[in-house]
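S.K.: Can you keep this structure in mind? I'll have questions shortly.
Quick note: the coordinates plus some simple rules give every number you see, no bench work behind them. Bear in mind the structure is a predicted one, so any value in this text is a computation, not a measurement. Ideal geometry is used to build each Cβ from the backbone, glycine not excepted, and the neighbour counts take in all protein chains shown.
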Amino acid sequence: MKTFFHLHLISDSTGETLNTVARAAVAHYDEFRSIEHVYALVRTQKQLKRVLQDIEETPGVVLFTLVDPTLRAELEAHCARLELPAISILDPVVNALATYLNAKSQPRIGAQHTLNAEYFRRIEAMNFTMSHDDGQLAHDIDSADVVLLGVSRTSKTPTCIYLANRGIKAANIPIVAGAPLPPALFEAKHPLIVALVATAERIAQIRRNRLLSLNEPDNTPYVDRDAISAELVFTRRLCAKYGWPVIDVTRRSIEETAAAVLNLYYQRQSARQTL
């Protein structure tokens, strides 16, 4: 049985940073589950008043990112009267930077979402990734930052999308028994090429569930473990031949797989810069 508690997340911007930090923190407590009350774009006294009323009606932990000192002071005072914790999640990092840089912070509401070069780089990466999904436009593979190879159901597409959201132009190419890989793959010099693998048992399970969801028979070579094992052996031999790294995604989430790919990517970038 889970123990529930109220968690109030108050932001004067989109609340994305706050939500991410809050969920990462709550994940440390398996026996508890938070009931989230999310308040985004809180920038006026009237908006804050509604928030304070909700906090009083459903007391709990309060996490916030408010730039306006008046709104922040009012929120902190209200929580103090109710004897509730009110935590500004960015304060420790901002204060540490101020000390290290010997500079005073100049907060601006929503500054992290400004339409800057980084924003447009992510949009460009997303467009590239969507148009180079599942082997499409393989002739253009050398324009990618990362190319993911793998047999069916190794999470190539969602991993690519996650990478694109980090500004990485990612393409993926399926490894299919009996189907030749595009020649451009072996000629590519620019991208990091990585193969994703998993155990045959795991892949068979995922494929079988997919066929069932499509109301298709599951007695095909697509879900046969021996056939899948042969696909995986081919993948590993191919990577060994060309020196491409392999990541086992059997027990990895999409985020963990993407992080492993990014580590390889940045290591490669750093090595190239030192040459």
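S.K.: Given a Förster distance of 41 angstrom, what is the FRET efficiency for N19 paired with A98, based on the Cβ-Cβ distance and rounded to 0.05?
M.R.: Given R0 = 41 Å and the Cβ-Cβ separation, E is 0.95.
S.K.: I would also like to ask the following. Any idea how far the Cα center of the stretch 211-237 sits from the one of the stretch 48-93, in Å?
M.R.: Between the Cα centre of the stretch 211-237 and that of the stretch 48-93, the gap is 53 Å.
S.K.: Let me ask you something else. For R33, which sequence-distant residues (separation of 5 or more, or a different chain) have an amide H within less than 5 Å of its own amide H, given hydrogens modelled in the peptide plane?
M.R.: T3, F4, F5
S.K.: Pulled fully out, how much extra length does the chain show between Y29 and H190, if you take 0.36 nm times their separation in residues and subtract their Cα-Cα distance?
M.R.: That works out to 53.7 nm of additional length.
S.K.: Then there is this: Going 7 Å from the Cα of Y242 toward and past its Cβ, which residues in the stretch 176-206 have a backbone nitrogen under 13 Å from where you end up?
M.R.: 176, 180-196
S.K.: Now, a different point. I'd like the Karplus ³J(HN,Hα) series for the stretch 69-84: coefficients 6.51, -1.76, 1.60, θ = phi - 60°, whole numbers in Hz, and an x wherever there's a Gly or Pro.
M.R.: Whole-Hz 3J(HN,Hα) from phi for the stretch 69-84: x, 5, 5, 4, 4, 5, 5, 5, 5, 5, 5, 5, 5, 8, 6, 10.
S.K.: For W244, what charge total do you get from the other residues with a beta carbon under 12 Å from its beta carbon, if Lys and Arg give +1 and Asp and Glu give -1?
M.R.: Charge balance in the 12 Å sphere: +4.
S.K.: To the nearest 20 debye, what is the magnitude of the charge dipole of the chain about its Cα centre, counting +1 on the Cβ of each Lys and Arg and -1 on the Cβ of each Asp and Glu?
M.R.: Using Cβ point charges on Lys, Arg, Asp and Glu, the chain gives about 460 debye.
S.K.: Something else: Can you compute the FRET efficiency between E124 and L212 using 1/(1 + (r/R0)^6), with r the Cβ-Cβ distance and R0 = 41 Å? Round to the nearest 0.05.
M.R.: 0.60
S.K.: May I ask you to sort V249, V26 by Cβ crowding, counting other Cβ atoms within 10 Å and putting the fewest first?
M.R.: In order of increasing Cβ crowding within 10 Å: V26, V249.
S.K.: Once amide H atoms are built 1.01 Å from N in the peptide plane, which residues 5 or more positions from L192, or in another chain, come under 5 Å H to H?
M.R.: So L192 has HN proximity to V146, V147.
S.K.: Which one of S34, I55, V67 is farthest out on the positive end of the charge dipole of the stretch 1-72, using unit charges on Cβ (Lys, Arg +1; Asp, Glu -1) and the Cα centre as origin?
M.R.: Most positive-ward Cα: V67.
S.K.: Peptides 190-200, 55-65, 86-96: what's the order by average Cβ count within 10 Å, highest mean first?
M.R.: 190-200, 55-65, 86-96
S.K.: Say R0 is 30 Å: what FRET efficiency, to the nearest 0.05, do N263 and D54 get from their beta-carbon distance?
M.R.: 0.10
S.K.: Please sort 257-263, 29-35 by packing, taking for each peptide the average over its residues of neighbouring beta carbons within 10 angstrom, highest first.
M.R.: 257-263, 29-35
S.K.: V61's amide H: which non-local residues (gap 5+, or another chain) put their own amide H closer than 5 Å, with H modeled 1.01 Å from N in plane and none for Pro or chain starts?
M.R.: Here the answer is H6, H8, since their amide H atoms fall under 5 Å of that of V61.
S.K.: Just to check I understand the Karplus step: with θ = phi - 60° and J = 6.51 cos²θ - 1.76 cosθ + 1.60, what whole-Hz values come out for the stretch 87-100, glycine and proline as x?
M.R.: 10, 8, 5, 8, 4, x, 6, 4, 5, 5, 5, 4, 5, 5
S.K.: Where does each of 154-161, 207-214, 222-229 land if you order them by average Cβ count within 10 Å, highest first?
M.R.: So the peptides 154-161, 207-214, 222-229, ranked by packing, come out 154-161, 222-229, 207-214.
S.K.: In Å, what Kirkwood hydrodynamic radius results for the chain from the alpha-carbon pair distances?
M.R.: After inverting the mean inverse Cα-Cα distance, the result is 22.3 Å.
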